[in-house]
Amino acid sequence: MAVSSLHRVFTFECRSDPDFASLPSTENLRSTPRHFPAASLSSAFYGVSSPILRFPPNFQRQLSTKARRNCSNIGVAQIVAASWSNEGAGSPASGANPVPAVASPVDAATAPIPLDLDADDENVVDAAGNGAVQTNRRSYSSFLKTDASKTIHAAERLGRAIVTDAITTPVVNTSAYFFKKTADLIDYKEKRLASYEYGRYGNPTSTVLEEKLSELEGAESTVLLASGMCASIVMLMALIPAGGHLVTTTDCYRKTRVFIETVLPKMGITASVIDPADVGALESALEQNKVSLFFTESPTNPFLRCVDIKLVSELCHKHGALLCIDGTFATPLNQKAIALGADLVMHSCTKYIGGHHDVIGGCISGSGKLISEIRILHHILGGVLNPNAAYLFIRGMKTLHLRVQQQNSTGMGMAKFLEAHPKVKRVYYPGLPSHPEHELAMRQMTGFGGVVSFEIDGDIETTIKFVDSLKIPYIAPSFGGCESIVDQPAIMSYWDLPASERAKWKIYDNLVRFSFGIEDFEDLKADIVQALEVI
């Protein structure tokens, strides 16, 4: 077979007639070394002839070091190397220099991951001592000047804490990590050793995603959670004391408002609800209450209202309050909330960051101190992001800048087209001059996203007819993915409320929220045209 090579490390040779002379006999199975692969035994005993990988003499030494990093793919390769080293390599009869014995499975396959970065990188354990491993990103951030490069390489090509020659970040599927001796455990507990302890407290794959998001947001630290809603809940509970007060906005994700209205009062926490652009109402709330936090989306859901982040951050800080911006609609590419003055920024990663409608998760980014406070409660409550989900988010972020660029363009074009159509009553999109915060959005955003909300000129039945006549988008919740999605908020999110209650939040029966994917603009436009012609 052809000989292939791996990046400056080793070569693979394959042969179809393996020599099983070195395999243990059936009588000696009980004494078979634990690192001997079961697959090789079945091949020997059942006469299966299959290609066998042969490794150069120095492969075992190289792999035994790398396998300590807990990468399962390398660990498996080391086991293979231990069983089928080159003929004569390291054997006494060959006269060759003996090859050091490979590490045992305990050493090689499951040892906690030491973060072995470049010399100018520093590894630290989370300040709260909760097992979160953080790295100093200075050594690679200087090379990554644009978000387009950061989405691909941050925490991976430059700065990845997992040592591997794989281009993609490995998925470390484990629920717990072990320590070789008690002294190591004590060092870890006393913050002298950077490592992991339990899957709920951290995971190497998830750490890569956290680092990548921190780099994009310009944040010191990021914590991952099982969903965007989980992120909101944990953040609110961690930062608002019992009997405290928060400020939020009228236009927001409904489940967030339900939690604020129904659950937080049980802890004695009250809330002021203001219009997103009403700075005077915010100032009054700050003066009349001991406000711990102003939590708002920007842009908001579903009317895409915008908050003056710089101004409200100054007001909040003047009164000793924190500011958290839910930037899910904006993405880290279209808006830099922390640079504008926010203390925290959160995302439902399920939307644009994942981008493929196949994974759920949330994140919060901010200062190391605040994220540590949130992480402490997160570790108690659970709601951990699975490492397989973290891998999918890392994968999705590789194309984030391309997807968002396309969705920005499509959203802007469709908003203009819809606003000019006689069967559309009103369009909500920050990129339009008709939007109440258009000038603000132009100052603090570089793009306006792929979600356009609009009202059909008709009643609920007319709107249903329009939605049902569309051929390309799915009728579904969520947004930000490759596929276009459409829904009527009055039905999808508020159907359990009577029309009079929905009207309090301006969720009228003719409101449509359209999340444009990455399909061709002209195809989407033609589909909307034909659906509007039906009504």
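In the condition set (1) assigned to a loop (DSSP other than H, G, I, E, B); (2) in contact with a Ser or Thr (Cβ under 7 Å, 6 or more places away or on another chain); (3) closer than 26 Å to ILE353 by Cβ, TYR196 is compliant with all but (2).
Search the stretch 252-281 for residues being loosely packed, with under 14 Cβ neighbours inside 10 Å and of a type in the set (Gly, Ala, Ser), and hand back the single one that is farthest from HIS319 (Cα to Cα). This residue is GLY268. Number of residues in the stretch 362-409 that are over 16 Å from the mean Cα position of the chain (by Cα) and more than 24 Å from TYR198 (Cα to Cα): the value is 6. Flag: ALA161 matches the condition of being open to solvent by less than 20 Å² (accessible area, probe 1.4 Å) and free of Cβ contacts under 8 Å to residues at least 60 places away in the same chain.
Rundown of residues vs (1) more than 24 Å from HIS356 (Cα to Cα); (2) charged (D, E, K, R), yes/no style:
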| residue | (1), (2) |
| --- | --- |
| LEU440 | yes, no |
| ILE456 | yes, no |
| LYS465 | yes, yes |
| PRO473 | no, no |
| PRO498 | yes, no |
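Set side by side, the residues THR262, THR300, THR256, THR249 differ, and just one is out of contact with any Leu (no Cβ under 8 Å at 6 or more places or on another chain) and farther than 17 Å from LEU323 by Cβ, which is THR262.
Screening the stretch 465-511 for residues that are among the charged types (D, E, K, R) and within 33 Å of the chain's Cα centre (by Cα) and picking the one that is nearest to ALA526 (Cα to Cα) gives LYS471.
Residues that are open to solvent by 30 Å² or more (accessible area, probe 1.4 Å) and assigned to a loop (DSSP other than H, G, I, E, B) were ranked within the stretch 486-502; the one that is nearest to GLY517 (Cα to Cα) is SER493.
A residue that is of a type in the set (S, T, N, Q), without any contact (Cβ under 8 Å) to a residue 60 or more places away in the chain and under 24 Å from LEU209 (Cβ atoms) occurs somewhere in the stretch 405-423. In the set (1) open to solvent by 50 Å² or more (accessible area, probe 1.4 Å); (2) more than 29 Å from LEU304 (Cβ to Cβ), MET237 fails one condition alone, (2). Scanning the stretch 303-327 for residues that are in a loop (DSSP other than H, G, I, E, B) and open to solvent by 10 Å² or more (accessible area, probe 1.4 Å) gives PHE303, ARG305, ASP308, HIS319, GLY320.
Which ones in the stretch 433-485 are open to solvent by 30 Å² or more (accessible area, probe 1.4 Å), touching an Asp or Glu at 6+ places or on another chain (Cβ under 8 Å) and in contact (Cβ under 8 Å) with a residue 40 or more places away in the chain? Those that are open to solvent by 30 Å² or more (accessible area, probe 1.4 Å), touching an Asp or Glu at 6+ places or on another chain (Cβ under 8 Å) and in contact (Cβ under 8 Å) with a residue 40 or more places away in the chain: ASP459, ILE460, LYS471, ILE472, GLU483.
The values are calculated or read from the model by the stated rules, or taken from the named source; none is laboratory data. Everything quoted here is computed from the prediction, not taken from an experiment. Cβ atoms come from the backbone with ideal geometry, glycine included; neighbour counts cover every protein chain shown. Remember, those area values only see protein heavy atoms, side chains included, never the ligands or the DNA or RNA. Shrake-Rupley method; radii C 1.70, N 1.55, O 1.52, S 1.80 Å.
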